[in-house]
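Before any comments, here is the structure.
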Amino acid sequence: MRRPDLAQLYGRAPVPVQNLMATGYGLREVRRRYTGSFRRRVDELNDHQWASADELAADQVERLRSMLRWCAAEIPHYRQAFAASGFAPDDLRSVEDLAAVELLEKEVVRADPERFLPAARDGFVAQTTGGTTGTPLAYWATLDAVQFNYAVYEARSRRWAGVRFGDRMASLHGQPIVPADDQDGPFWRRNLAFNQLYLSVYHLNRRTLPSYLEALARFQPRAVVGYTSAVHRIATHILEVGAQGRVVP
């Protein structure tokens, strides 16, 4: 008899257990995203935001050149692509010089992901794109790259908006955190590790909108993030029922 996977166990669990499982996932992601080089990267980005355009351009080229050197030495696909085009990372003087290298299509990565990995793979973690432009793409990244990605989001998005990781956050994204056949609710789950109320975008409709508003009013998030269409639908409902002021991110 085949053992149920984690997603199946989650779907069968009662809501309080699902909240615990969501928080467990959050604890794992906190360690993966927000430790290691994360704080140092945020500090670097905070310093760089005051740099001149010329300083930023010079830093960009130096970082890019360093990464391309590593790709040429370690990654089979890029070693071959650079050789075929006659491109040498040390000759890079501007971003425009990359035009000499053939553009990388998603299907090339999907067809042979091993050609995008170095021989020494310690510290690499599996990642998946959101799939907003088509089929999600699985790929590999270093843990430092993952933490830098979230540092950019923290420094250039959250903090510019006056919030930071750990503030009360309501999220409307595509994770199936509520079973599809659940028509009674609640249509949200808590991730305590993120201080997050995660609301299902798949159950959002005219009948359920009032319950979403009540959940947000109780939670009082510092910010609401997610798919624009879902956030817009809730905001429109708030205006339609005259509930301005009940939820003030």
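What to note about this one:
- Any chance Y25 is among the hydroxyl-bearing types (S, T, Y) and within 20 Å of V146 (Cα to Cα): yes
- Selection of first residues in the range 148-176 that are farther than 17 Å from Q196 by Cβ and of second residues that are of a type in the set (V, I, T) and modelled with pLDDT of 95 or more, restricted to Cβ pairs under 8 Å at least 6 apart or on distinct chains, gives the following pairs, ordered by first then second residue: A151/V42; A155/V42.
- Against the list (1) under 15 Å from the mean Cα position of the chain (by Cα); (2) surrounded by 19 or more Cβ atoms within 10 Å (Cβ to Cβ); (3) basic (K, R), the condition R189 fails is (1).
- Check on A51, surrounded by 11 or more Cβ atoms within 10 Å (Cβ to Cβ) and over 28 Å from F124 (Cα atoms): yes
- For the range 182-243, no strands (runs of 3 or more DSSP E) sit wholly inside it while including 3 or more residues that are among the polar types (S, T, N, Q) and in contact with a Ser or Thr (Cβ under 6 Å, 6 or more places away or on another chain).
- Every residue from the range 58-90 that is more than 22 Å from L103 (Cβ to Cβ) and surrounded by 12 or more Cβ atoms within 10 Å (Cβ to Cβ): A58, D59
- Residue-level analysis places R93 outside the set of residues that are within 30 Å of A193 (Cα to Cα) and either at pLDDT below 95 or surrounded by fewer than 13 Cβ atoms within 10 Å (Cβ to Cβ) (or both).
- Residue match in the range 24-39 (condition: farther than 24 Å from W160 by Cα and either loosely packed, with under 12 Cβ neighbours inside 10 Å or polar (S, T, N, Q) (or both)): yes
- Tally, over the range 166-181, of residues that are part of a loop (DSSP other than H, G, I, E, B) and either in contact with a Ser or Thr (Cβ under 7 Å, 6 or more places away or on another chain) or farther than 22 Å from R12 by Cβ (or both): 5
- Considering G131, G123, the condition of being at pLDDT below 95, of a type in the set (G, A, S) and closer than 25 Å to Q175 by Cβ is satisfied by G131 alone.
The values are calculated or read from the model by the stated rules, or taken from the named source; none is laboratory data. Owing to the predicted nature of the structure, the values given are computational and were not obtained by experimental measurement. Cβ sites come from the backbone with ideal geometry, for glycine too, and all protein chains shown count toward neighbours.
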